[in-house]
Amino acid sequence: MNDIQLPAIDYAALLPMLIVFGAACVGILVEAFAPRGWRFVIQVSLTIGGLVAGLVAIIVNRDLEITTIGGAVTVDGPGLFLQGAIIILGIVSLGLIAERRLERGGPFVAEAAHAANSDGDKRQEREPGATEVFPLTLFAIAGMMLFCVSGDLLTMFVALEVFSLPLYLLCGLARRRRLISQEAALKYFLLGAFASAFFLYGVALLYGYAGTVSLTGIREGVLQSEQSGILLAAGLALLAIGLLFKAAAVPFHVWTPDVYQGAPTPVTALMAACTKAAAFGGLLRVFNVAFETTAWDWQPVLATVAILTMVVGSILAVAQTDIKRLLAYSSVANAGYLLVGVVSLNGAVGSSLFYLIAYGFSVLGAFAMVTLVRDSEGEATHLSRWAGLGKGSPLFSALFTFLMLGFAGIPLTSGFTSKFALFSSAWDSDQSVLVIVGVLSSVVLAFPYLKVVVLLWLNPPGEETPTVSVPSMLTRAVIFAGVAVTFVLGVAPSFLLDIVADAGPFLAK
Amino acid sequence: MTPDYYLILAAVLFTIGAVGVLVRRNAIVVFMCVELMLNAANLTLVTFARINGSLDGQIMAFFVMVVAAAEVVIGLAIIMSIFRSRRSASVDDANLLKY
């Protein structure tokens with residue numbers, strides 16, 4: 001047995017993550033020491049400052065390709081792109097988290113320790129929301145960044161927990177409908193912990209098979225290991241369960257609609273955009289680096305999962321009556337399209353990255369608009385309440401219609417260009433069956449989106465049509481960013497396609 | 001004594017944990033079953049470290065313990081808050097979100 005040596009550390013490569021983790025730790029100190037009245041301003045500027053500084057560090061690092069801290073972190077083109085995407089989507093979703101005009105005190109509860117509907121809970125109704133959400137968001141984003149560049153499975157497990165644990169908490173912090181919010185947190189937590197236990201047991205079996213948990217080590221171990229192939233197959237299957245759970249693939253998707261509906265809408269937006277990017281970043285890296293050489297064994301299984309995800313997601317989306325659940329099932333179906341990119345391996349890495357950005361911005365814009373439709377009870381998310389909103393709020397309805405058409409994949413929106421890029425690269429990688437199922441399921445999926453559009457414009461308003469609230473600049477900026485990116489990537493996608501092409505393949509040495 | 005027995009023991013523990021998560025109704029017990037699964041993975045890691053003759057697996061077990069401890073903090077906080085609101089920690093009672 002060897003002694004333990006301190007590995008060489010390249011701090012420049014780790015700088016983006018160190019900045020965001022550092023800002024999160026400072027945020028905890030601000031909670032402890034800053035006076036209550038000042039915390040909100042300090043936290044918002046600290047969070048945005050930390051994320052922007054992290055983004056700058058990523059841009060400075062853009063040509064870096066290095067494996068550091070003893071193989072724990074692999075910084076490469078796709079990894080840096082994913083980190084940048086997560087930070088940018090995180091900054092945008094921060095606009096929703098920091099919004100305080102739509103609801104007195106913001107979307108988060110002041111003191112989560114008060115039991116729901118107790119006397120203390122009623123007293124705190126008018127108090128400003130907790131500012132702990134900002135460091136929690138930063139920890140989640142930093143964990144996602146680490147997840148996308150982890151070079152071994154242990155780092156990946158730690159990063160998975162680092163970004164999941166804050167999300168579990170954030171889900172339970174809604175100001176309104178606290179019982180539903182807590183229930184969402186409980187469900188997400190129990191199922192998430194269950195899935196990460198599978199992930200970890202898979203890591204343990206792969207360690208037994210290859211003698212190492214580094215992704216490149218497993219890649220080589222596959223070719224020369226003397227252990228039984230059952231260890232490899234079982235390890236890979238359990239590992240994939242953990243990853244597919246986070247990516248919300250069928251049959252590991254059951255948590256998605258409940259958690260998306262119960263969580264505060266800004267957190268739902270963060271999960272739909274950033275967690276999706278992180279989960280697929282991890283999936284792409286694991287399958288492209290560690291298991292590319294065994295692709296023949298797992299591709300049929302993952303292709304089946306992709307088909308199930310696309311079909312079940314799009315069909316169940318049709319039956320939904322709540323806009324947040326509808327968007328949740330649409331996110332399941334979109335996970336299926338992204339899985340087509342994972343199955344296609346190296347040929348589709350670039351278009352998967354493009355898809356993550358395009359989908360992330362559209363979904364952020366859509367959830368930002370969901371936060372605006374309100375009545376005295378808070379957000380009115382039931383679709384029947386949305387009937388006839390086009391009469392009173394034409395601008396809102398027009399923008400929402402545009403985003404829905406974007407999701408449906410109408411030309412001149414990012415939904416079309418991203419699906420086209422993904423499916424054409426999958427076609428080139430000989431995944432024609434998957435592409436055909438994908439196109440058919442996106443036709444089915446267009447129906448619920450168009451149903452919402454018809455509901456907005458053509459249906460007569462109900463007796464108690466909720467109002468569309470006027471938000472502050474923050475939510476306006478989020479909606480603007482969502483709509484603008486959906487349009488720009490639909491009309492002129494080439495600059496982003498160039499960037500993802502420059503990012504190149506995952507570093508597999 | 002061959003280390004294979006430890007692998008079998010770990011697999012049995014993992015299965016007990018997984019079945020427990022699926023059949024038990026109390027959130028605390030469900031959570032304990034998840035911890036059982038994590039510790040089964042730890043036992044597997046340590047056994048394979050012994051078989052492979054490297055320290056990596058043992059070090060990984062320490063990482064997992066720290067992560068599991070952090071998970072306990074978050075999990076108990078969530079279960080506590082839902083228990084105080086509902087006076088029940090049963091996962092069957094938390095049924096507002098469906099369809």
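Points worth noting:
- Helix A:323-343 axis, angle to chain A major axis (alpha carbon atoms, nearest 10°): 20 degrees
- Nearest-ten-degree value, helix A:473-491 long axis tilted from longest Cα axis of chain A: 60 degrees
- About the Cα centre, charge dipole magnitude for the protein assembly as shown (Lys/Arg +1, Asp/Glu -1 at Cβ), debye: 1680 debye
- For segment A:65-106, the gyration tensor built on C-alpha atoms gives a prolate shape. Its axis ratio a/c (a ≥ b ≥ c) is at least 1.5, and a/b is the larger of a/b and b/c.
- Across segment A:493-509, computed HN-Hα scalar couplings (Karplus, 6.51 cos²θ - 1.76 cosθ + 1.60, θ = phi - 60°) run x, 5, 5, 6, 4, 5, 4, 5, 5, 5, 4, x, x, 5, 6, 10, 9 Hz from first to last residue, x flagging Gly and Pro.
- Nearest 10 degrees, 0 to 90: helix A:133-149 Cα axis against chain A principal axis: 30 degrees
- Gain upon complete extension [A:Ser472, A:Ile66; 0.36 nm per residue less C-alpha separation]: 141.9 nm
- Accessible surface computed residue by residue for chain B, with neighbouring protein chains in place and a 1.4 Å probe, gives 52 Å² per residue.
- Distance violations [Cα-Cα > 21 Å] among A:Lys391/A:Lys419; A:Lys187/A:Lys324; A:Lys187/A:Lys276; A:Lys276/A:Lys509: A:Lys391/A:Lys419; A:Lys276/A:Lys509
- Across all directions, the shadow cast by the convex hull of segment B:1-97 built on its C-alpha atoms averages 7.0 square nanometres.
- Difference of contour (0.36 nm per residue) and Cα-Cα distance, A:Lys122 to A:Arg104: 5.1 nm
- Over segment A:252-400, accessible surface divided per residue gives 22 Å², non-protein components excluded, 1.4 Å probe.
- Amide hydrogen proximity for B:Ser90: with H placed 1.01 Å from N in the peptide plane, the residues at 5 or more positions away or on another chain lying under 5 Å are B:Ala27.
- Dividing the helix sum by the residues of chain A, where each DSSP H run of 4 or more adds -39500 (n - 2.57), gives a mean residue ellipticity at 222 nm of -23000 deg cm²/dmol.
- Residues with amide H under 5 Å from that of A:Ala116, placed H, sequence gap 5 or more: B:Ser85
- Phi angles of segment A:18-33 translate, via the Karplus equation with coefficients 6.51, -1.76, 1.60 and θ = phi - 60°, into HN-Hα couplings of 4, 4, 5, 4, x, 4, 5, 5, 4, x, 4, 5, 4, 4, 7, 10 Hz per residue; Gly and Pro are given as x.
- Sulfur and carbon atoms: percent of accessible area, the protein assembly as shown [1.4 Å]: 67 percent
- Here the simple spin-label model places points 7 Å from the Cα toward Cβ, and for A:Leu458 and A:Ala237 these points are separated by 4.8 nm.
- For A:Asp375, the residues whose modelled amide H falls within less than 5 Å of its own, excluding neighbours fewer than 5 places apart on the same chain, are A:Ala380.
- Efficiency of FRET between A:Asp297 and A:Asp430 - r from beta-carbon atoms, R0 25 angstrom, step 0.05: 0.90
- Gap separating the Cα centres of segment A:90-125 and segment A:175-249, nearest whole Å: 34 Å
- Interface size, chains B and A: roughly 4000 Å² of accessible area buried, both sides included, 1.4 Å probe, rounded to the nearest 100.
- A:Asp3-A:Ser494 pseudo-label distance in nm [points 7 Å out on the Cα-to-Cβ vector]: 6.0 nm
- Working note: 222 nm ellipticity from helices only, DSSP H runs with n ≥ 4, each -39,500 (n - 2.57), summed and divided by the residues of chain B, gives -27500 deg cm²/dmol to the nearest 500.
- Vicinal HN-Hα couplings computed from phi for segment B:66-81 (Karplus, 6.51 cos²θ - 1.76 cosθ + 1.60; Hz; Gly/Pro x): 5, 4, 5, 5, 4, 5, 4, 4, 5, x, 5, 4, 5, 5, 4, 5
- Taking the inverse of the mean reciprocal distance over all distinct Cα pairs, the Kirkwood hydrodynamic radius of the protein assembly as shown comes to 24.3 Å.
- The calculated FRET efficiency for B:Leu22 paired with B:Thr2, based on their beta-carbon distance and R0 = 25 Å, is about 0.20.
- Projected area averaged over orientations for segment A:359-509, convex hull of C-alpha atoms, nm²: 11.5 nm²
- Residues in segment B:74-88 occluded by at least 40 Å² - accessible area, probe radius 1.4 Å, against chain by itself: B:Ile74, B:Ile78, B:Ile82, B:Arg84, B:Ser85
The values are calculated or read from the model by the stated rules, or taken from the named source; none is laboratory data. Here the structure is a predicted model, which means the values were calculated and not measured. Note that each Cβ is placed from the backbone with ideal geometry, even for glycine, and that neighbours are counted across all protein chains shown. Remember, those area values only see protein heavy atoms, side chains included, never the ligands or the DNA or RNA. Shrake-Rupley method; radii C 1.70, N 1.55, O 1.52, S 1.80 Å.
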